[in-house]
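See structure below.
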Amino acid sequence: MSATILHAQTPQRRLPLPEFVAMLAFLFATVAFSIDAMLPALPDIAGELTPANVNRAQLILTAFMAGMGLGTLFAGPISDAIGRKPAIFLGTALYIAAAVAAIFAQSIEFLLAARFVQGMGASGPRIVGLALIRDLYSGREMARISSFVMMVFITIPALAPSIGAGIIWASGWQGVFVAFILFALIGAGWLGIRQAETLPPSERRPLRLGPLTAAAREVLSDRQVMLCTLVLTLGFGQMFALLSSAQQLFGEAYGKGDSFPAWFALMAILSGAGTLLNATFVMRFGMRRIAKWAYAMQTVVSSVMLVLVVSGVLPESLRFPAFFFWAVSVFFMAGVTFGNLNALALQRMGHVAGMAASIIAALSTVAATLIAAPVGLLYNGTAVPAITAALICSALAWLLMGWLRD
């Protein structure tokens with residue numbers, strides 16, 4: 001039995017499962033909270049920093065995601081070299097420093113730069129947390145644990161817009177960045193106090209060009225990993241595209257601006273059913289089959305929604321309910337597919353889990369941003385750009401799933 005398997009099975013390295021799930025969910029939610037809590041702030045930021053072109057405020061979201069995509073290139077290899085916990089602490093420190101800088105931003109350009117750096121820092125908890133799970137679990141069991149993590153952490157982005165709106169009311173949009181600092185400190189403190197290091201020094205890989213190149217080559221040459229990465233790109237792309245336009249769609253297109261945080265919370269909670277279903281059935285049906293069904297469902301739902309919106313056949317009273325159902329389906333698809341695809345991609349990569357997690361996340365996040373940014377900027381007062389992006393991305397993802405194997 002390999003050393004990797006031995007250390008993964010050492011009992012003292014595992015927290016009780018409920019606490020482990022909650023802790024990882026909190027760390028992962030750093031990303032979701034950093035995006036969703038900003039949504040109510042976009043109108044205020046646009047009015048203060050870029051009044052001549054309010055659509056530029058959407059770049060506050062895509063700048064964060066682009067920075068996160070770049071940061072993922074480094075987070076995994078660093079964690080393979082120095083350990084999971086130190087790498088997460090390093091990312092958290094960068095995240096907090098950027099949040100402090102954002103508080104004092106006087107221009108949209110400076111704020112976008114701070115958000116880019118903040119995204120780089122957020123890649124630490126996100127990517128290294130995934131490698132930490134892979135240290136302890138693999139295969140369908142990893143997919144099941146990931147689903148439980150997603151199910152718990154979905155409550156944080158569900159509440160994030162409401163929290164953000166309350167903070168903005170009390171202290172302006174700068175107060176949201178103070179909340180980011182407190183959130184990051186809680187997550188890092190929990191990890192530091194309760195979780196043992198999962199990667200012992202004997203299994204670490206030095207930050208030298210030769211070993212790094214060999215590990216990267218192994219990941220990039222694996223057909224299964226690259227297919228999963230491409231499918232993840234399409235899944236993230238359609239979800240990020242919806243997030244970029246969410247505040248405008250709810251507020252301008254459907255007149256729900258005042259109640260946007262409540263609708264967003266309900267949408268996130270309903271879509272959390274996807275993670276629960278996946279955790280329940282993944283051991284029986286397998287990761288690939290469930291993800292393929294999800295993309296097929298999303299293709300059908302988006303096709304029908306696009307026809308309804310473009311044709312204008314829906315009466316006024318049904319337009320928002322139909323849009324809301326479609327938006328829930330996009331997040332439901334994410335809950336059903338993302339954990340499964342990461343588990344499929346990392347199944348044979350346990351010995352280079354950090355590097356593999358970094359490459360997968362970097363490629364999928366940066367490419368997804370390239371999909372989402374133009375879709376957000378194409379916003380024209382309707383949901384047509386976001387729905388079209390979801391239809392194309394889901395159809396392509398469904399086709400690619402046929403090439404994957406459990």
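Taking the stretch 40-71 as the range and being at pLDDT below 85, part of a helix (DSSP H, G or I) and more than 15 Å from ALA113 (Cα to Cα) as the test, the residues that pass are VAL54, ASN55. Inspect the stretch 94-112 for any residue being of a type in the set (Ser, Thr, Tyr), open to solvent by less than 10 Å² (accessible area, probe 1.4 Å), at pLDDT 90 or above and within 17 Å of PRO161 (Cα to Cα) and give the result as yes or no. No - not one qualifying residue is present in the stretch 94-112. Identify the residue in the stretch 373-390 that is modelled with pLDDT under 90 and of a type in the set (A, V, I, L, M) and, among all such residues, is nearest to LEU73 (Cα to Cα). Looking at the filtered set, the residue picked out is ALA373. Out of ALA113, ALA102, ALA98, which single residue is in contact with a Phe, Trp or Tyr (Cβ under 6 Å, 6 or more places away or on another chain) and assigned to a helix (DSSP H, G or I)? Residue meeting the stated conditions: ALA102. For the residues ALA367, ALA357, ALA361, the requirement of being closer than 30 Å to LEU207 by Cβ and surrounded by fewer than 24 Cβ atoms within 10 Å (Cβ to Cβ) singles out ALA367.
When the stretch 300-330 is filtered for residues that are aliphatic (A, V, I, L, M) and under 26 Å from the mean Cα position of the chain (by Cα), the ones remaining, listed by number, are VAL300, VAL301, MET305, LEU306, ALA322, ALA327, VAL328, VAL330. Remark: pairs (first residue in the stretch 80-108, under 11 Å from ILE181 (Cβ atoms) and in the same structural domain as ILE35 (by the TED database); second residue of a type in the set (Val, Ile, Thr) and surrounded by fewer than 24 Cβ atoms within 10 Å (Cβ to Cβ); Cβ separation under 6 Å; 6+ apart in sequence or on different chains) = ILE96/ILE181; ALA98/VAL117; ALA99/ILE181. Out of the residues in the stretch 131-140 that are modelled with pLDDT under 85 and part of a helix (DSSP H, G or I), which is least open to solvent (accessible area, probe 1.4 Å)? Checked the stretch 131-140; the qualifying residue least open to solvent (accessible area, probe 1.4 Å) is GLY139. Do the conditions hold for LEU318, that is, is it among the aliphatic types (A, V, I, L, M), in a helix (DSSP H, G or I), open to solvent by 40 Å² or more (accessible area, probe 1.4 Å) and out of contact with any Lys or Arg (no Cβ under 9 Å at 6 or more places or on another chain)? Judged against the criteria, LEU318 is a match. Are any of the residues in the stretch 144-154 assigned to a helix (DSSP H, G or I), of a type in the set (Phe, Trp, Tyr), modelled with pLDDT of 90 or more and open to solvent by less than 40 Å² (accessible area, probe 1.4 Å)? No, there is no match, as no residue in the stretch 144-154 is assigned to a helix (DSSP H, G or I), of a type in the set (Phe, Trp, Tyr), modelled with pLDDT of 90 or more and open to solvent by less than 40 Å² (accessible area, probe 1.4 Å).
The values are calculated or read from the model by the stated rules, or taken from the named source; none is laboratory data. All figures in this text were calculated on a predicted structure; none of them were measured in a lab. Counting neighbours? That spans all protein chains shown, and the Cβs are built from the backbone with ideal geometry, glycine included. The accessibility values were calculated without ligands, DNA or RNA, using every heavy atom of the protein model including side chains. Shrake-Rupley method; radii C 1.70, N 1.55, O 1.52, S 1.80 Å.
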